[in-house]
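The next block holds one structure in the form of structure tokens; read it before the comments.
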């Protein structure tokens, strides 16, 4: 078994335009005479490698703590796409090889039809190495389409040097009641 970390380090991860940077502050420090070290983290739930819940761009009352965990664990297919926006016909023709989790590398965005197409294919989670499934200023239609189908979105994956193919994904989100997203530690597992 080989574990492949496909998460960005949170503090140095790419930042979506307009989002605040993540910050850490030592609230307790052994160097200052405290009994232990303790760090406070301040960040957007959409910073770094993270997942979006349906309530991020829809009126569905499904927050991250309500998402079924099977969206974040399971067989996944990692594919490369060369283009700015994933073509709907290409997506329809894609052989999912029995996987319910799709990861697309190449920084491509998705169309407003992606949600229905993915649902028809049985996809429950869509991952991407892009900062968003939609372009800056045009992120609403793809997000709404995908999240309205209760398909989890995992964005800002670090896929450099990972071969396309079939893997097992483990990417549990931090459980935050009422939150529209959460950081994940995404790991691909390659069985020998």
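The values are calculated or read from the model by the stated rules, or taken from the named source; none is laboratory data. From a predicted model like this one, the values you see are computed outputs, not experimental measurements. Virtual Cβ from ideal backbone geometry, glycine too; neighbours counted across all protein chains shown.
Filtering 52, 80 for residues that are within 21 Å of residue 168 (Cα to Cα) and touching a helix residue (DSSP H, G or I) at 6+ places or on another chain (Cβ under 7 Å) leaves a single hit, 52. Residues that are touching a residue at least 12 places away in the same chain (Cβ under 8 Å) and under 19 Å from residue 135 (Cα atoms): does region 58-65 have at least one? Checking region 58-65: at least one residue is touching a residue at least 12 places away in the same chain (Cβ under 8 Å) and under 19 Å from residue 135 (Cα atoms).
Screening residue 183 on (1) in contact (Cβ under 8 Å) with a residue 40 or more places away in the chain; (2) surrounded by 17 or more Cβ atoms within 10 Å (Cβ to Cβ); (3) not in a strand (DSSP E or B) shows it passes everything except condition (3).
Does residue 19 meet the test of being loosely packed, with under 11 Cβ neighbours inside 10 Å, within 20 Å of the chain's Cα centre (by Cα) and either part of a strand (DSSP E or B) or in contact (Cβ under 8 Å) with a residue 12 or more places away in the chain (or both)? So residue 19 does not fit the description; no.
Take residue 26 and decide whether it is in contact with a strand residue (DSSP E or B) (Cβ under 7 Å, 6 or more places away or on another chain), within 19 Å of residue 176 (Cβ to Cβ) and surrounded by fewer than 15 Cβ atoms within 10 Å (Cβ to Cβ). Spelling it out, it is not the case that residue 26 is in contact with a strand residue (DSSP E or B) (Cβ under 7 Å, 6 or more places away or on another chain), within 19 Å of residue 176 (Cβ to Cβ) and surrounded by fewer than 15 Cβ atoms within 10 Å (Cβ to Cβ). When residue 155 is tested against the conditions (1) in contact (Cβ under 8 Å) with a residue 12 or more places away in the chain; (2) more than 18 Å from residue 45 (Cα to Cα), the lone failure is (2).
Looking only at residues of region 81-124 that are in contact with a strand residue (DSSP E or B) (Cβ under 7 Å, 6 or more places away or on another chain) and either touching a residue at least 60 places away in the same chain (Cβ under 8 Å) or surrounded by fewer than 17 Cβ atoms within 10 Å (Cβ to Cβ) (or both), we find that the one that is nearest to residue 151 (Cα to Cα) is 101. Looking across region 35-53, the residues that are in a loop (DSSP other than H, G, I, E, B) and either modelled with pLDDT under 95 or exposed (fewer than 12 other Cβ atoms within 10 Å of the Cβ) (or both) come down to 35, 36. Scan region 135-165 for residues that are at pLDDT 95 or above, in a loop (DSSP other than H, G, I, E, B), within 21 Å of residue 80 (Cβ to Cβ) and in contact with a helix residue (DSSP H, G or I) (Cβ under 9 Å, 6 or more places away or on another chain) and the total you get is 1.
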